[in-house]
Amino acid sequence: MRNNLLKRLGLTVFVLIGVTLIAFVLMRLGGGDPAVMMAGGMATKEEVQDYRVRMGLDQSYLVQYLTYMNGILHGDLGYSWSYHTSVGEVLSVRLVQTFNLTLFGFFIASIFSMLLGTIAGIRHGSPIDFVALLFAIIGQSMSIVWLGFVLILIFGVQLKWLPTQGLGGLQHMIMPGICLGFGYAAVQTRMMRSGMVDVLKEDYVVATRARGISKSRTYLVYALRNALLPIITNMGNQFGHLLAGVVVVETIFNWPGIGQLLVQAINMRDYQLVQSALLITSILLVLCNLLADILYTVVDPRISFQ
Amino acid sequence: MSEPLIKIEGLKKYFPVKKGMLHAIDDFSLDIMPMETVGLVGESGCGKSTVGNVLVRLLDATGGHVWFQGQDVVKAKPKELKEIRKKMQMIFQDPYSSLNPRETVGAILSAPYQIHHLASGKELKHKVTELAVSVGLEPYILEKFPHELDGGKRQLTGIARALSLNPKFIICDEPVSALDVSVQAKIINLLISMKQKMGLSYLFISHDLSVVRHISDRVAIMYLGQIVETAPTEVIFGNTLHPYSIALLSAVPQVDSNNKSKRIVLKGDVPSPVNPKPGCRFAPRCWMSDEKCKSETPALVEVGSGHQVACHFWKQSRAQAQRVLNGN
Amino acid sequence: MKATGLLEKQATQSDQVLRIENLHVEYRSGGGIAKAVNGVNLTLHKGEAVGLVGESGAGKTTTALSILNLLPEGTGYITKGDIWFNNESVLKKSETELNKMRGGQIGMVFANPLTSLNPVFTIGHQVAMVLMKHRGIKEKQANETVKQLLEMVGIPGARLNDYPYQLSGGMRQRVGIIAALACSPQLLIADEPTTALDVTIQAQILELMKKLQAEYASSLLMITHNLGIISELCQRVAIMYGGEIVEYGSVREIFTAPKHWYTYGLLHAIPKLTGPRETLEALPGLVANAQNLPAGCKFHERCSHCLEKCKSQIPPMFKITDNHSVACWDVEGQV
Amino acid sequence: MKFSTLLRKMSKSILFMVGFSLIVLIILTCATSSSWTQWSPTISKLTERLREPDWFANGGLAGHPLGTDPLGRDVLTRLLQGGWTSLQIAFIVTLISMSIGAFVGLITGYFGGVFDMIVMRICDVLMSIPNIMLALCVVAILGSSMFNLIFTLTAIGWVSTARIVRSVALKTKHQEFISASKVLGASTWRILWKEMFPNAITQLMIAASAYFGGTILVETNLSYLGMGVPVPQPSWGNMISDGRQYLAAAPWVVIAPGIALMLTVLAFNFMGDGIRDVFDPRNKN
């Protein structure tokens, strides 16, 4: 168990180094000189060169990368030239907002999908099962952008129930949260349903009932735990899709999180900000996968010994 | 006597596992004569299937030799191996997984001819039909997919595939254990008649003692990677000497309703042969083990014509067994 | 014959544990109907061990699940007949009563010990839950009993916190057995309990079952395709084919002088461990398919003694001796 | 499998039939639209801007059945031709990613070893950056063009396919029919191509139909973020995102492409669900 975890952590570090490399190389491939961007269109050649030196762009790529990595190891994510402050500062404010939104979407979607999926799985073939399947398949077919617009149109423009922009109370979170969690809920409902259907066919379910345990207890205590296993492993993966959706959803609802920041930073050619934003999201994603793995070993006793 | 068709000498196969080395086969020697059926019996995990896989080089041996018509299979190069495999085939245990679910029976049976460039076009079709009929499959089955057939027909397909290249030697790895009783008899009868018709030798791997007794000329009993006793069939079932063989035989429930015989029940489970200690591997479960058994590995000694036993106390075993049974 | 049947029923009703009457079971799915059980009659008395023999698809497991009223929901249906346990109809029991019966009065051991134990709960809990349910005791108390039970079947009591995958196949099946026997049920149903096990482990389990059945004095319904096991464990045996019992009687009589050609075929298809080696007689054709059963005797297509009558009329049970009856037109004249 | 069996199985799977016919219909309509629509998808006509849908009241295609957009272009025309763009992109991306993925998956799964390790670590890295973010960066840096879009989506897309095929290869590798093939003396190439690959086809096709739909959706997202198909060429993605400002005044501009897109993806998902019934020989009906 401990060895496994250490191995996973080692892999994680490797993956994150890979991410920094990709981010670094990507930003250097493109056209558009960040020094020119920073210095402004009116700047003279000398001023641009001055900016270039101050931003460290005159050095070789290797030195730039090593400097960047060195900074990360010391907790310094670099300096954002578009915000004129440290990347860490910009990101930490945004990260909280993204976190709020993602967790909110994740939780309502998880609870909803697990409930619906469980019921549909138990009542396999019934009308509610049909509804669940329909929801699952439509949910997977909908564009997040379009869903966002339609939500705004109905609840914001027509009914005027919910605010369509920016931060605020809980009501500000409802539409972006639903928009974010919709596709995820569809996938999880489907998995939960088929997981439940499969588990209920297992010998041990009949065996449990043959010992006199009531149907509801068998399903909800003894079968549910088994059906949850694949869901938990999938959660980590699905969280990745959720984070991907964040970029779009934050932009639609003008939610000042990391996703929106990333889009702005790319447009500004703010190298270090983009690199670090990518890195932070990857860390989030990788951590979630790790968490799902650990959770899995807790629920499934077989894993910890293998 | 003629030369053996297969000569296995000191064969070893170890697998690295977490806690060390798993000795799946250890110092395994066996000769198989032309036209002879040798039964290889043992419980799961004793290494009997590994023996089969090493013989056809699905696995590479850790040590030892396998001589097939004078050629060392263990050291054969890919080209030589391809030639050897024309004469040495295998029938698999699970008729569900031994046929590609994506191919029709016809395509499965054509493969050997295509691989060795023996036939094509009309001739191929003709040969495949002939082959199918020879094992008792109706030609219309060639159009079917494996899942459309019952277990018996699937196993017939597997047998036909093994016979396609006119081999001299076939390894049968539990060919009937997944089948229903009535189908099992059909497959066994086919294997026996094919042997006579084509002059085949079999290594018949099985855990079912009754089946092995029925089909084999000679039987080798395996425990944890080693042969503990080998003898002609009549001898081994009539005059069983190794304590494990005795226990194994007495464990089989028999239909004979008059004889509710008492049995020697072995304690505990079959241990796994990871980093085996010196001494007899059966000693921890043996009902007559001694200090000597724990320190000295018994060698396989000749105790009668063609009868070999690996036990320090083989002379006492039968009398001891009788005592245990009466005392029970 | 009917009259004697009735008399027999009244005379022995007091010590009857289980009576299956004209049981018919169908599986319906995707428009197809599989007639798994077609008119099974079977009676079990107190302390008696009866074997139920047949090849795959003969309807053995379906019969067992019907006794517990646990056929797969939405696909398995009992269409005719009834099952009486302690002279109460199992089919008319409420779910609460059924749950009391299952595990409390009838225990069941399943074929595959790996799949029939829940992989994510400890073995201790899976035995204890039976005790908690039927004895109404707390887990702590139950665990003490579980420890004793484990020790009884040769597993150290401390292993009650182990998970199924940590045990060997033989140990898992012992757990399955004590879970079934924990509440001293009157009837134990064992569905191929040793099929997945090695010969020497099978011997251990068989000895254990013999011992426990004697100790608990429960009746045993032993389902298997292995005639040797029946011969060792049971007094009476029912041979099933195509969802029907084709021959029924004492083990000794049926195995020495089988009257149904299917039983004869089965006995001659198995190689023996002793005696001369004879050529095996393979039964022609395939096991009857429950989705497409032949008319008349279900076995007639594979039978070497098939009469005209066999093709259209289902043979009734002919009584040969007090201890032996058979459903075959071929013996009609001999009775 | 015989063609007639295939047809019979197809016609028996309702899911597959619904999905498949819908896809054929959509593809045919979109592909031929340039020859029979009355308006130009790209030329703007400001006098006609933001006309409400007149649903065929004004002489069918001569009017604006689905209204006009902020630049006065006919929404229906743009919808059909934009659809063709989106479908083409999705098709090319899916085809290339599936081919690469299948090849890589088979090789890594069968041989294992160092190559497998390296490729799987690359997959790990690529999968630990949310794919839209990665695509966003790449397109932003390379500049937004059709080619760059396709390149980017392919570069990310092969990963999931490779994993699926690899897991099939790992599963079949130890099955007895592979051993049987080896014992018969089959070459590695034959084992990979004739024994293993056919067993991955069903999975591959399911993955392909899911990925086809997924690609259309990602294109929408990228378009919205300004990195999709460059204007004025219409695509469903940029049609939806362009309608953002006129959401209240002219909802049809957004709703029409959204529904078209949903129907298409839905059709692919239906087909994906039905594929198992049709292409798996184990399925009898």
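Filter region C:296-305 for residues that are free of Cβ contacts under 8 Å to residues at least 60 places away in the same chain, assigned to a loop (DSSP other than H, G, I, E, B) and crowded, with 19+ Cβ neighbours inside 10 Å and give the result.
C:Gly296, C:Cys297, C:Phe299, C:Cys303 - these are the residues of region C:296-305 that are free of Cβ contacts under 8 Å to residues at least 60 places away in the same chain, assigned to a loop (DSSP other than H, G, I, E, B) and crowded, with 19+ Cβ neighbours inside 10 Å.
Filter region C:108-147 down to residues that are open to solvent by less than 10 Å² (accessible area, probe 1.4 Å), within 21 Å of A:Lys215 (Cβ to Cβ) and assigned to a helix (DSSP H, G or I), then give me how many there are.
6
Surrounded by 14 or more Cβ atoms within 10 Å (Cβ to Cβ), at pLDDT below 80, aliphatic (A, V, I, L, M) and not in a helix (DSSP H, G or I): which single residue out of A:Ala43, A:Ala35 fits that description?
Of the residues listed, the single one that is surrounded by 14 or more Cβ atoms within 10 Å (Cβ to Cβ), at pLDDT below 80, aliphatic (A, V, I, L, M) and not in a helix (DSSP H, G or I) is A:Ala43.
Residue-by-condition table, conditions (1) under 24 Å from B:Ala185 (Cβ atoms); (2) open to solvent by less than 30 Å² (accessible area, probe 1.4 Å); (3) at the interface with another protein chain (Cβ under 8 Å from one of its Cβ atoms); (4) within 28 Å of the chain's Cα centre (by Cα):
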{"position": "B:Glu80", "(1), (2), (3), (4)": "no, no, no, yes"}
{"position": "B:Glu83", "(1), (2), (3), (4)": "no, no, no, yes"}
{"position": "B:Phe92", "(1), (2), (3), (4)": "yes, yes, yes, yes"}
{"position": "B:Ser97", "(1), (2), (3), (4)": "yes, yes, yes, yes"}
{"position": "B:Leu118", "(1), (2), (3), (4)": "no, no, no, no"}
{"position": "B:Lys122", "(1), (2), (3), (4)": "no, no, no, no"}
{"position": "B:Ser134", "(1), (2), (3), (4)": "yes, no, no, yes"}
{"position": "B:Glu138", "(1), (2), (3), (4)": "yes, no, no, no"}
{"position": "B:Pro146", "(1), (2), (3), (4)": "yes, yes, no, yes"}
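Which one is most open to solvent (accessible area, probe 1.4 Å), of the residues in region D:194-218 that are within 20 Å of D:Ile150 (Cβ to Cβ) and touching a Leu at 6+ places or on another chain (Cβ under 7 Å)?
D:Val218
Could you list, in sequence order, all residues of region A:241-265 that are closer than 25 Å to A:Tyr65 by Cα and surrounded by 24 or more Cβ atoms within 10 Å (Cβ to Cβ)?
Within region A:241-265, A:Ile258, A:Gly259, A:Leu261, A:Leu262, A:Ala265 meet the criteria.
So which residues in region A:243-280 are closer than 18 Å to A:Gly177 by Cα and among the polar types (S, T, N, Q)?
Within region A:243-280, A:Thr251, A:Asn254, A:Gln260 qualify.
Within region A:128-174, count every residue that is within 17 Å of D:Val253 (Cβ to Cβ) and hydroxyl-bearing (Ser, Thr, Tyr).
Summing the residues that are within 17 Å of D:Val253 (Cβ to Cβ) and hydroxyl-bearing (Ser, Thr, Tyr) in region A:128-174 gives 1.
Restricting attention to region D:1-26, which residues are in contact (Cβ under 8 Å) with a residue 12 or more places away in the chain, in a helix (DSSP H, G or I) and out of contact with any helix residue (DSSP H, G or I) (no Cβ under 6 Å at 6 or more places or on another chain)?
Of everything in region D:1-26, those that are in contact (Cβ under 8 Å) with a residue 12 or more places away in the chain, in a helix (DSSP H, G or I) and out of contact with any helix residue (DSSP H, G or I) (no Cβ under 6 Å at 6 or more places or on another chain) turn out to be D:Leu6, D:Lys12, D:Ile14, D:Met17.
Of the residues in region A:150-191, how many are free of Cβ contacts under 8 Å to residues at least 40 places away in the same chain, small (Gly, Ala, Ser) and part of a loop (DSSP other than H, G, I, E, B)?
2
Look through C:Leu273, C:Leu286 and report the one residue that is of a type outside the set (Val, Ile, Thr) and closer than 30 Å to C:Thr75 by Cα.
Exactly one of C:Leu273, C:Leu286 is of a type outside the set (Val, Ile, Thr) and closer than 30 Å to C:Thr75 by Cα, namely C:Leu286.
Is it true that A:Ala223 is more than 8 Å from every other protein chain (Cβ to nearest Cβ), of a type in the set (Gly, Ala, Ser) and touching a Gly at 6+ places or on another chain (Cβ under 6 Å)?
Answer is no for this residue.
For region D:113-133, does any single residue satisfy the condition of being under 20 Å from A:Ala244 (Cα atoms), touching a Ser or Thr at 6+ places or on another chain (Cβ under 7 Å) and either among the acidic types (Asp, Glu) or in a helix (DSSP H, G or I) (or both)?
Within region D:113-133 (the criterion being under 20 Å from A:Ala244 (Cα atoms), touching a Ser or Thr at 6+ places or on another chain (Cβ under 7 Å) and either among the acidic types (Asp, Glu) or in a helix (DSSP H, G or I) (or both)), the answer is yes, since at least one residue qualifies.
May I ask you to list the residues in region A:119-149 that are open to solvent by 20 Å² or more (accessible area, probe 1.4 Å), touching a residue at least 24 places away in the same chain (Cβ under 8 Å) and closer than 20 Å to D:Leu15 by Cβ?
Within region A:119-149, A:His124, A:Leu133, A:Phe135, A:Ile138, A:Gln140, A:Met142 meet the criteria.
Taking only pairs six or more apart or across chains, which ones have beta-carbon atoms under 6 Å, a first residue in region C:279-295 that is within 11 Å of another protein chain (Cβ to nearest Cβ), and a second residue that is part of a loop (DSSP other than H, G, I, E, B)?
C:Leu286/B:Asp150; C:Val287/C:Glu55; C:Val287/C:Gly57
The values are calculated or read from the model by the stated rules, or taken from the named source; none is laboratory data. Small disclaimer: the values here were computed from a predicted structure and weren't measured. A quick note on method: Cβ atoms are made from the backbone with ideal geometry, for glycine too, and the neighbour counts reach across all protein chains shown. To get the accessible areas, we keep the full protein, side chains included, count just its heavy atoms, and leave off ligands, DNA and RNA. Shrake-Rupley method; radii C 1.70, N 1.55, O 1.52, S 1.80 Å.
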